[in-house]
Structures are given as structure tokens and as C-alpha cells.
1. If you add up the charges near Lys2, with Lys and Arg at +1 and Asp and Glu at -1, over every other residue whose beta carbon is less than 13 angstrom from its beta carbon, what do you get?
2. Taking the Cα atoms of the chain, what is the range of coordinates along each of the three principal axes, in descending order and whole Å?
3. Within the chain, what whole-number % of the accessible surface is contributed by carbon and sulfur, with the 1.4 Å probe and all protein chains included in the calculation?
4. Under a no-solvent Debye model with one identical scatterer per Cα of segment 155-264, what's log10 I(q)/I(0) at q = 0.13, 0.17, 0.21, 0.23 Å⁻¹?
5. PRE reach from Ala274 (point 7 Å along Cα→Cβ): which of segment 17-50 fall under 15 Å by backbone N?
6. Val252 to Lys154: FRET efficiency via 1/(1 + (r/R0)^6), r the Cβ-Cβ distance, R0 45 Å, to the nearest 0.05?
7. I'd like the distance between the alpha-carbon centres of segment 231-300 and segment 106-144, rounded to an integer number of Å.
8. Highest mean first, how do 123-136, 273-286, 256-269 rank when packing is the count of other Cβ atoms within 10 Å averaged over residues?
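The values are calculated or read from the model by the stated rules, or taken from the named source; none is laboratory data. Bear in mind the structure is a predicted one, so any value in this text is a computation, not a measurement. FYI the Cβ positions are ideal-geometry reconstructions off the backbone, even for glycines, and counts take in every protein chain you see. Note: areas computed on protein heavy atoms with side chains; ligands, DNA, RNA excluded. Shrake-Rupley method; radii C 1.70, N 1.55, O 1.52, S 1.80 Å.
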Amino acid sequence: MKVLVTNPRGFCAGVVRAIDIVEIALKKFGAPVYVKHQIVHNPDVVNDVETQGAITVENIEEIPERSVVVFSAHGSAPDDYEKAKKRNLKVIDATCPLVTKVHNEAKKYSNEKKSIVLVGHKGHQEVKGTMGQTDMLLVDERKNFPKDKIKKLKNVAVISQTTLSVNDTAKAINNIKELVPDAVIRNDICYATTNRQNATELLAEKCDLVLVIGANNSSNCQRLKDVAKRMGVPSHLILGPQEINYDWLKNVKTVGITSGASTPEKMVQEVIKAIKPESVEYIGGPPEKITFKLPQELNQ
Ligand code: SF4
């Protein structure tokens, strides 16, 4: 059996920056450094920073006063910054700049008195942070389309979660445009999500099975699995070699491997090692070169 590994895969610039922020904060301020929500959606990354002295919490109230807290890459609502201020916490913001861009769009459209529609997945951490910025209507393409509510809106601006399916989001946006043709449309799916989905589409064309390496709660990874399935190729999302079902590999000649934006490369390599292929070929484009600056207080 042959393995094809696609590029780009794995860590994006926002994830690299978020992990760097926690590690530099630990060096600069000493342990513990609290992290609000998993720094990125991958348990290996979370364990790794926790081993270095980070403590992951879900609520600001769990953090002792005057502590240092890093806000996760997914972004947070203004409410959380207020709560942190009341507890005299030092906040270091690891929100991905591309998520901050969506927050800024929401605030701008709100100031312009537009009705904001957010295309996103209910309950996802990023959506919670974006919805906290101002009033907006959520359109979750996995659920019933709120046609009647959208029809009543005037002066509409559409924004989106950064890690959605490129195809499904385009469909949702088209449905909105049919109801409100003059809506301002911002498709905010980020470069990393788009590139990984495009690469997975090309990978799936060449394979009998696609394994996506990453965590179940990673929207990014789930969407890669969906891309392969949409192409008619069986696909499984696994955290690492411990989750391989070797029955999947029976009669399979070519296995495609990819990973989401929050998956460490070591997990990919461990899966390849575990399935013992006759050959491994790396396909796709060159690695991405995008990087994001650290927050000013950690740059000094
Ligand atoms: S997936 Fe996109 S939005 Fe999310 S952290 Fe990476 S670059 Fe930022």
C-alpha cells in the first residue's frame, strides 16, 4: 500500500502564533499562565503547554485575581475582557488576527446600522466570540435556513466563521443573496482553511481512503473529512495511530493523509509509521509562508 501526504497540511500561522504566545508568556511571567479555552483545538498541543505550566480553564471566574491569562486563538467576546479587567488579570490575546478581522467587520457594520448575518456553526468557540461583538443573526448551514427572519432584514451585511466548508458556505451565501440581493457579502473563510480543503480535494482524487489527522472538536479537521466524503472517498478523522481501525485499510491501494490547522506534524508521522506503507509520497504545493506578529508586549 502507498501513502500520499498532502501539502499544505497541519499548523497554520494563527495556531503557531497562539502556541508561541503561551510558551513565551510562561518564560516571561513564569507558571502558571492560565489559558481561556483550549489554546487550539488539539489535545496534544493542550497537554504540551500544560506540561510547561499552562492551566486551561473555560471561565474567567476560575482564574485567581492578578494572574496572567492567554485568550485562545478562536477569539473571545468583549464580556470576557470586562470580566478579566474586574479580576485584575493580565490578558495576552492569542486571537488569530484573521478572527479579529471578523470581529472588526462586525463592529464596523454595527456602527453603520447594518443588520448582520453570521454564517457559522452554533456553539463553536469562534462563533461565540464573534456573536458577542454585537447583535447578529446566525445562519448555521447544517440546520434549518431561517428564510423568514432573513427576508425581514434591511441593509444586510454577511460575515462568516473562518473555518467552514468553502462549498457549503458559498451555498449558504447564495441562499441569503437570493433573499436580499443587495446584501454586502464578506466571505471570511481563512487562507489556511481554503488551502487545506483545496489540497484535500486533489488528494482524494488519487486515493481509495483519506485519513484526516486531528481532533474531533476541530472544525477545520471535520471539514477536511467532509471534503473527501463529498468526493466519494471514504474518510476518517483520527487523533493518532491509536484510533486507526485496520479494517479500513483492507484492499486499499492508496491512502491519502492530511491534517487540520491545529494538528502537530508528529501525529501525522506517527500515523504513517503505524500503517507501514510500501512508499510515502508528498504531493501538493510548497509550504505556506504566512506568519503573524506576536502581541507587542511579548515582542519586547
Ligand atoms: S485556521 Fe485560519 S482563522 Fe483559524 S487560527 Fe488558523 S489562520 Fe487563523
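1. Overall, the nearby charge balance is 0.
2. 57, 54, 30
3. 49
4. -0.53, -0.78, -1.04, -1.18
5. 43-44
6. 0.25
7. For segment 231-300 versus segment 106-144, the Cα centre distance is 31 Å.
8. Result, highest mean Cβ count within 10 Å first: 256-269, 123-136, 273-286.
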